Structures are given as C-alpha cells and as structure tokens.
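**Student:** Before anything else, here's the structure in question.
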Amino acid sequence: MERCTERAFKRDGHKTLLIDDKRAARLIGRKLTQRWALSRARSFRPDFVFLGKCHGLDLETVATILTGKPNAMWYHDPQWYKSTYRPDIAHIIAVGKLTQTFFVSGFDAEWKALGLPAKFLPSAADRDIKPVPPRKAYHSDVSFIGTGYDTSRAQFLLKVAKKYDLKVWGKGWEEWRKPLRWSGRAVEGKNFAAVCSSSNISLGINPSRARGGSTYTSDRTWMVILAGGFYLGHGTPGLTEMLREGDHCAWYKDIDSCLEKISYYLEKPEQRERIRREGQVFVRQYHTFDQRIHNLLSGEEFHNPLS
C-alpha cells in the first residue's frame, strides 16, 4: 500500500521520501531505527506526512515527525477494530490518535468510537495493473486469490468446488489442498493478472472478521477487476452502491445465491466480457491510488462517483 501510494504521489507531481521503518527495525534494531527515521525526516523537511502502520516506530518518534505538519494515515485492515487487546492493533490506535485524519477502508464508525479521527476511504488498486492474454495453465471456471487463514472462507469454497471447476491461489490452504485444487503458491504481478484474465469468474469472499461491514472490501476487489477479472463478490449494502451489478461486476448475498450467480454467468460469456470490460474502465477511472491522493492531502471524505 505504501509503495503504491508513493508512486501515485509522484505521478501527482510531489517529491517523496519513503521510510520503511519495519524493515529498518529488523535490520538495525528498534532503537537505531528511531534515530535513523528522525534524521531522514529532518533532512527531507516534508510539507505533508503520510503514515502507514508505523510498527517500527515509537509513538514519540511519530509525534516528533508529525509536529507542525499536515498529515494523514490510511489503514487497510479495519476489520480488526475489535482486537484492541492485540499489541499491534493497540499501536495502530495510538498512532492514529496522533494524526489529523485516520482514513480506513471500512468500519469508520467503529474506529471513530475508539477515539480516532476516522473517515472512510476505500482501498484502491495500482493503475499499472493490466489484463494479460489468457493462459491455459491458469484457467478455471472459478478462481479465488487469497490466504487460507479463515476457515469460513474454506467452507464457502468447498461448497463451490463441489459444483464447479474451482482453483484457489494463495498461501495457507494445505488442509484443503485437493478439494480446492490449491495451486500451492501465491500469485503476484503478471501471474496475478494471468489468473484473473484466464478465469471465467473471479470470486471475492470477505473474511468472517469483516462480517457486518457495509462498505468494507479489500484492495483485491479493485485489483481483480483491473487485472481483467469478471468479479463476483459479497454484495454488502455499501459495496453495491460503489460497483453496479451487471455493469461493473456481479454480487451474491450468501452461498446459495453465489452458486446461482456462477451458474448464470458461466452460461453468459458475452455478458461476462461486457461487464469485465466496463468494470476495468470504471475502476481505472475512479478507484486507483491516483484517485485517492486528493483525499489524503485534503482530509476530505470519499465521494462515491455513483451517488
């Protein structure tokens, strides 16, 4: 997220400095990382500070870097708002309270209730993502790209796999390797695009922890559509107002409606291709990191282009 945002800032005409505090803490230790980050920030003299998770920085370091400068933070895992007992989430909350604007890609009311200056800003995709020619090795009627940390996702996919040609990509699916035709590996870059461009349907499944989120979706939604995927995802009330059924993607409500939608769209290849193309155009116009720069700099809430 940080590197994609930095590239978008540069395309918008800004000079940037990216401080990878997590990597620095791993290489030189946490204590030296504070001195290094402060020195780099002083030398660069930023007019604006954009924050990621800051796991390698102490609160005092973050506060010093932010002093007197406009700033914003953008958190892409908002479904963890209930886990304040976890040290990593507690740190994010503490850092977020230092910021002028704490953007989250969902559950903004819940984060605001924790005392943060939370505003909704959807996740986004890198505009450099593009479809690639379909490849036989990546073909399936239905594909899913994601990690296997959530057993509810596995149970959902097992029901899909009983009826349709499904292939799963990502880490952590060892337990369900055979029934899910697990590839055994993650896919990135052109390989990610090859899966999306080669599959008839690219499935989106929110983790159980995100249940109840009206507007939440991960960056993978936008990435799949930009990469040439016909996206079939969980249609929450907020998301169905951001992407239109039949124009940009397709939505399901539960496993039964998901199976029905798969059956319907597998028999409608021309309709799939039209939606696939229109979805790419729409996401490229409104949902890349480049379109989020104005919000990050101004602190303004997201405006839905379809409203």
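The values are calculated or read from the model by the stated rules, or taken from the named source; none is laboratory data. In this text the structure is predicted, and so the values were computed from the model without any measurement. When we count neighbours, we look across all protein chains shown, and the Cβ atoms used for this are built from the backbone with ideal geometry, even at glycine. SASA here: full protein model, heavy atoms, side chains in, ligands and nucleic acids out. Shrake-Rupley method; radii C 1.70, N 1.55, O 1.52, S 1.80 Å.
**Student:** Out of segment 135-157, which residues are open to solvent by 40 Å² or more (accessible area, probe 1.4 Å) and out of contact with any Asp or Glu (no Cβ under 7 Å at 6 or more places or on another chain)?
**Tutor:** Answer for segment 135-157, where residues must be open to solvent by 40 Å² or more (accessible area, probe 1.4 Å) and out of contact with any Asp or Glu (no Cβ under 7 Å at 6 or more places or on another chain): Arg135, Lys136, Ala137, His139, Thr147, Tyr149, Thr151, Ser152, Gln155.
**Student:** Tell me, please, whether a residue that is more than 23 Å from the chain's Cα centre (by Cα) and farther than 24 Å from Tyr265 by Cα can be found in segment 161-175.
**Tutor:** Yes, the conditions are met somewhere in segment 161-175.
**Student:** Which residue pairs have Cβ atoms closer than 7 Å, lie 6 or more positions apart in sequence or on different chains, and pair a first residue in segment 155-180 that is under 12 Å from Ile262 (Cα atoms) and in a loop (DSSP other than H, G, I, E, B) with a second residue that is open to solvent by less than 30 Å² (accessible area, probe 1.4 Å) and of a type in the set (Val, Ile, Thr)?
**Tutor:** Tyr164/Val142; Tyr164/Ile262; Asp165/Val142
**Student:** Applying the selection to segment 234-251, what residues are surrounded by 20 or more Cβ atoms within 10 Å (Cβ to Cβ) and either touching a helix residue (DSSP H, G or I) at 6+ places or on another chain (Cβ under 6 Å) or among the aromatic types (Phe, Trp, Tyr) (or both)?
**Tutor:** Selection gives His248, Cys249, Ala250, Trp251.
**Student:** Can I ask one more? Condition first: touching a Ser or Thr at 6+ places or on another chain (Cβ under 6 Å) and in a loop (DSSP other than H, G, I, E, B). Now tell me which residues in segment 26-85 satisfy that.
**Tutor:** Passing the criteria: Gly56, His76.
**Student:** So is Thr61 in contact (Cβ under 8 Å) with a residue 24 or more places away in the chain, of a type outside the set (Asp, Glu) and open to solvent by 50 Å² or more (accessible area, probe 1.4 Å) or not?
**Tutor:** The answer is no for Thr61.
**Student:** What are the residues in segment 1-24 that are open to solvent by 30 Å² or more (accessible area, probe 1.4 Å) and under 21 Å from Ala63 (Cβ atoms), if any?
**Tutor:** Answer for segment 1-24, where residues must be open to solvent by 30 Å² or more (accessible area, probe 1.4 Å) and under 21 Å from Ala63 (Cβ atoms): Glu2, Leu17, Leu18, Ile19, Asp20, Lys22.
**Student:** Restricted to segment 233-285, and to residues that are hydroxyl-bearing (Ser, Thr, Tyr) and touching a strand residue (DSSP E or B) at 6+ places or on another chain (Cβ under 8 Å), which residue is farthest from Ser152 (Cα to Cα)?
**Tutor:** Tyr265
**Student:** Quick one: what pairs do we get from segment 23-47, first residue touching a residue at least 24 places away in the same chain (Cβ under 8 Å), second of a type in the set (Lys, Arg) and assigned to a loop (DSSP other than H, G, I, E, B), C-beta under 7 Å, 6+ apart or different chains?
**Tutor:** Pro46/Lys69
**Student:** Can I ask one more? Say we look at segment 193-226 and pick out the residues that are part of a helix (DSSP H, G or I) and free of Cβ contacts under 8 Å to residues at least 60 places away in the same chain; which of these is least open to solvent (accessible area, probe 1.4 Å)?
**Tutor:** The selected residue is Val195.
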